[in-house]
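Peer 1: Can you read through this structure? Questions will come right after.
The values are calculated or read from the model by the stated rules, or taken from the named source; none is laboratory data. Please read all numbers here as calculations on a predicted model, not as lab measurements. For neighbour counting, all protein chains shown are included, and Cβ atoms are generated from backbone atoms with ideal geometry for every residue, glycine included.
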Amino acid sequence: MNTRFSHDMDDEYEKLIRRMNPPRVVIDNEACKNATVISVDSANKHGILLEVVQILTDINLIINKAYISSDGNWFMDVFNVTDHDGNKILDEGILDYIRKSLGPESCFTPSMRSVGVKKSMDHTAIELTGSDRSGLLSEVSAVLKHLKCNVVNAEVWTHNTRAAAVMQVTDDETGTAITEPERLSRIKTLLCNVLKGSNKSSLAKTVVSHSVTHTDRRLHQMMFDDRDYELIGEDVLDDRQRPNVDVVNWYDKDYSVVTIRCKDRPKLLFDTVCTLTDMDYVVFHANIDTLGPDSYQVTPFIYSLFLHSFFSCVLGLKVTFFL
């Protein structure tokens, strides 16, 4: 069967299920003394937890507590959220946005293969991965300026001597996306040389496209594909700073329980769900609780899409290491 036809059939089936079981969003400012409670019920599909958490994170909400359940074909989430000042969400504009983004009017992407991706002719997206070093961003900017590219937006992550960046650029004269194949090829070649620096054997990658992606989500995927987690530098966190990740197999239930305890920070739940999703694991149930400004705890019951429903010793260590 043609792959594209198969994907289209899957998308139409998911749309049918969605029409038959439209998502329901309930926002309650009375149920909890110090947080707004958001409940989301929907037909279940792979990646839906990441989509919901991504939407809440994108509007800068702090998730203090959450209960997640995805039994069978149904998905139910309850989130206790506040703004960055610890206040309930009372702005009707934000509340209406949440209802539209998560409710029946929402446009959840049909499948994970296209999450956060849409065509754009407003700018050209450049994705960079390579070895980190002092002055790298300055050198990349100088090359783009020399090539008459205007940087509209950019986000850069560094970890374990590796760097990843998503940059949106336009033509310096027209202010539109750069589409000439020869020019795009030159941009890729020169930027790849910059990323390699004096170490020509260093791994470097440059990708140019006209798609719009969710930047944080894409950076997670780029760092994961770059296998940055395999490199350990000399500066190792001491035991007080290191997150506590514990994996226990419940063989009679055919899933594993992963408990994470660490200091809380913005986007931590989003980063956790991204990591598990990139590893092809599904969160079956989870309880998330922030016990104070210096703590964070999440206990997800997870299983693998393509591997065993419980972890071997090696897989358990791998999940612990990644998280």
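Peer 1: Being modelled with pLDDT of 80 or more, touching a strand residue (DSSP E or B) at 6+ places or on another chain (Cβ under 9 Å) and surrounded by fewer than 16 Cβ atoms within 10 Å (Cβ to Cβ): is that true of VAL207 here? Explain how you work it out, then say what you get.
Peer 2: Values: modelled with pLDDT of 80 or more: yes; touching a strand residue (DSSP E or B) at 6+ places or on another chain (Cβ under 9 Å): yes; surrounded by fewer than 16 Cβ atoms within 10 Å (Cβ to Cβ): yes.
Answer is yes for this residue.
Peer 1: On to the next question. Can you name every residue in segment 257-275 that is crowded, with 16+ Cβ neighbours inside 10 Å, within 27 Å of MET222 (Cβ to Cβ) and not charged (D, E, K, R)?
Peer 2: Selection gives VAL258, ILE260, CYS262, LEU268, LEU269, PHE270, THR272, VAL273, CYS274, THR275.
Peer 1: Would you check which residues across segment 59-87 are assigned to a strand (DSSP E or B), among the β-branched types (Val, Ile, Thr) and within 22 Å of PRO23 (Cα to Cα) and list them?
Peer 2: Within segment 59-87, the subset assigned to a strand (DSSP E or B) is 62-69, 74-82.
Imposing the further condition that a residue be among the β-branched types (Val, Ile, Thr) reduces the set to 62-63, 68, 78, 81-82.
ILE63, ILE68, VAL78, VAL81 - these are the residues of segment 59-87 that are assigned to a strand (DSSP E or B), among the β-branched types (Val, Ile, Thr) and within 22 Å of PRO23 (Cα to Cα).
Peer 1: So, one more: For segment 47-68: of the residues being under 14 Å from the mean Cα position of the chain (by Cα) and farther than 18 Å from LEU95 by Cα, which is surrounded by the fewest Cβ atoms within 10 Å (Cβ to Cβ)? Break it down into steps so the answer makes sense when it comes.
Peer 2: Here is the first cut: in segment 47-68, the residues under 14 Å from the mean Cα position of the chain (by Cα) are 47-58.
Subsequent filtering for residues that are farther than 18 Å from LEU95 by Cα retains 47-50.
Working: GLY47: 17, ILE48: 19, LEU49: 24, LEU50: 22.
Looking at residues that are under 14 Å from the mean Cα position of the chain (by Cα) and farther than 18 Å from LEU95 by Cα, I get GLY47.
Peer 1: With respect to ILE89, is the statement that it is modelled with pLDDT of 90 or more, under 19 Å from CYS274 (Cα atoms), among the aliphatic types (A, V, I, L, M) and not assigned by TED's automatic domain parsing to the domain that holds CYS149 true?
Peer 2: Numbers: modelled with pLDDT of 90 or more: yes; under 19 Å from CYS274 (Cα atoms): no; among the aliphatic types (A, V, I, L, M): yes; not assigned by TED's automatic domain parsing to the domain that holds CYS149: yes.
In short, no.
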